[in-house]
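None of the figures in this text is laboratory data; all of them are computed from the coordinates on show. Keep in mind the model is a prediction, meaning the values are calculated, not measured. When we count neighbours, we look across all protein chains shown, and the Cβ atoms used for this are built from the backbone with ideal geometry, even at glycine.
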Amino acid sequence: MATPQHAAPVSVVTGAGSGIGRAVARELLAAGHRVALAGRRAGALRETAAESDAVLVAPTDVTDPASVDALFEAVRERWGRVDVLFNNAGVNAPATPLAEFSLEQWQRVLDTNLTGAFLCARAAFRVMSEQRPRGGRIINNGSISAQVPRPNAIAYNATKHAITGLTKSISLEGRAFDIACGQIDIGNAATELTERMSSGVLQADGSVAPEPTMDVAHVAGAVRYMAGLPLSANVQTITVMATTMPLIGRG
């Protein structure tokens with residue numbers, strides 16, 4: 001990464017209080033990064049930190065522009081720069097047919113998954129473009145729902161498809177500032193959010209079937225690889241998924 005000589009990279013991980021965010025944050029710490037843990041629950045962030053000296057616990061609401069700006073200002077005050085943003089914070093709504101999907105449900109998912117990702121990317125971009133040495137890397141969590149939708153998940157599917165456009169736009173604009181941007185699409189990493197997969201989830205043909213999961217460590221390792229590339233190289237998109245899950249041929 002483009003960091004001062006002998007300095008450890010500085011990474012910001014949103015949604016770091018659980019699941020994929022926690023696994024990635026700990027993986028980056030193991031790789032020698034200094035990591036800012038962002039999320040709504042301070043207690044959960046402290047659990048992720050596991051008493052590491054290289055951690056900044058930063059309770060953050062990614063839907064609030066002032067809260068996001070405060071996060072990146074705190075990181076800059078603590079470590080002077082931002083080298084990596086893992087844009088991971090996200091929510092879903094209960095499986096609901098489109099005709100019954102409320103505006104409130106739609107807005108909640110949109111505010112977190114898309115607007116929150118935009119706000120964090122914008123703040124990181126500003127820091128990365130102004131710091132010296134200049135540049136950095138933004139990694140967006142797209143989900144396999146950025147490729148193929150699940151049934152009865154209109155808001156989640158729409159926001160994750162939009163993340164692909166966000167990623168490509170940042171990647172394009174970032175060229176002038178030595179900012180790389182890529183996307184990781186994840187399929188059924190084993191976390192508390194995917195425990196329901198083993199008991200069966202709705203499929204495109206209307207059936208309910210269990211789906212396989214994979215160790216979340218594989219996701220963390222992929223993000224570590226992406227984050228560790230020199231800024232002259234970029235993984236634009238990568239899909240990491242349970243081998244036999246119904247993505248290929250879904251629908």
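Key figures for this structure:
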{"quantity": "Theoretical gain in end-to-end length, N152 to T164 [0.36 nm per residue, Cα-Cα removed]", "calculated": "2.3 nm"}
{"quantity": "The stretch 81-189: relative contact order as a whole-number percent, Cα under 8 Å and 6+ apart", "calculated": "34 percent"}
{"quantity": "Electrostatic dipole magnitude of the chain [Cβ: Lys, Arg +1; Asp, Glu -1; Cα centre; debye, to 20]", "calculated": "520 debye"}
{"quantity": "Residue among I20, I238, I163 with the largest mean-square fluctuation in a Gaussian network model of the chain, springs linking Cα atoms under 10 Å", "calculated": "I238"}
{"quantity": "Top of A30, A117, A16 by mean-square fluctuation, Gaussian network on the chain, Cα under 10 Å", "calculated": "A30"}
{"quantity": "Hull-based mean projected area of the stretch 57-154, where the convex hull spans the alpha carbons, in square nanometres", "calculated": "7.1 nm²"}
{"quantity": "Extreme residue, positive dipole direction of the chain, given options G136, W106, P94 (C-beta unit charges)", "calculated": "G136"}
{"quantity": "Between 0 and 90°, nearest 10: helix 154-174 axis offset from the chain longest Cα axis", "calculated": "30 degrees"}
{"quantity": "Equivalent ellipsoid dimensions for the chain as semi-axes, Å, which come from the Cα gyration tensor, largest first", "calculated": "30, 18, 18"}
{"quantity": "Dimensions in Å of the stretch 125-251 - Rg and Dmax from alpha carbons", "calculated": "16.5, 54"}
{"quantity": "Gained length - Q105 relative to E77, 0.36 nm times residue gap less alpha-carbon distance", "calculated": "6.5 nm"}
{"quantity": "Residue-count net charge about E173 - beta-carbon cut-off 15 Å; Lys, Arg +1, Asp, Glu -1", "calculated": "+4"}
{"quantity": "Relative contact order of the stretch 10-241, defined on C-alpha pairs under 8 angstrom at six or more residues apart (%)", "calculated": "19 percent"}
{"quantity": "Fraction of alpha-carbon pairs over 15 Å apart in the stretch 140-209 - percent", "calculated": "62 percent"}
{"quantity": "Helical mean residue ellipticity (222 nm; -39500 (n - 2.57) per DSSP H run of 4+; nearest 500) of the chain", "calculated": "-11500 deg cm²/dmol"}
{"quantity": "Hz values of 3J(HN,Hα) by residue in the stretch 198-205 - Karplus curve (6.51, -1.76, 1.60), Gly and Pro given as x", "calculated": "5, 8, x, 10, 5, 9, 5, 8"}
{"quantity": "Rounded FRET efficiency, nearest 0.05, which uses the C-beta distance separating T244 from S52 and R0 of 45 Å", "calculated": "0.80"}
{"quantity": "Antiparallel bridges, percent of DSSP beta bridges restricted to the stretch 10-241 (to nearest 5)", "calculated": "5 percent"}
{"quantity": "Amide proton proximity set for L56, modelled H, under 5 Å, gap of 5+", "calculated": "V35, A36, L37"}
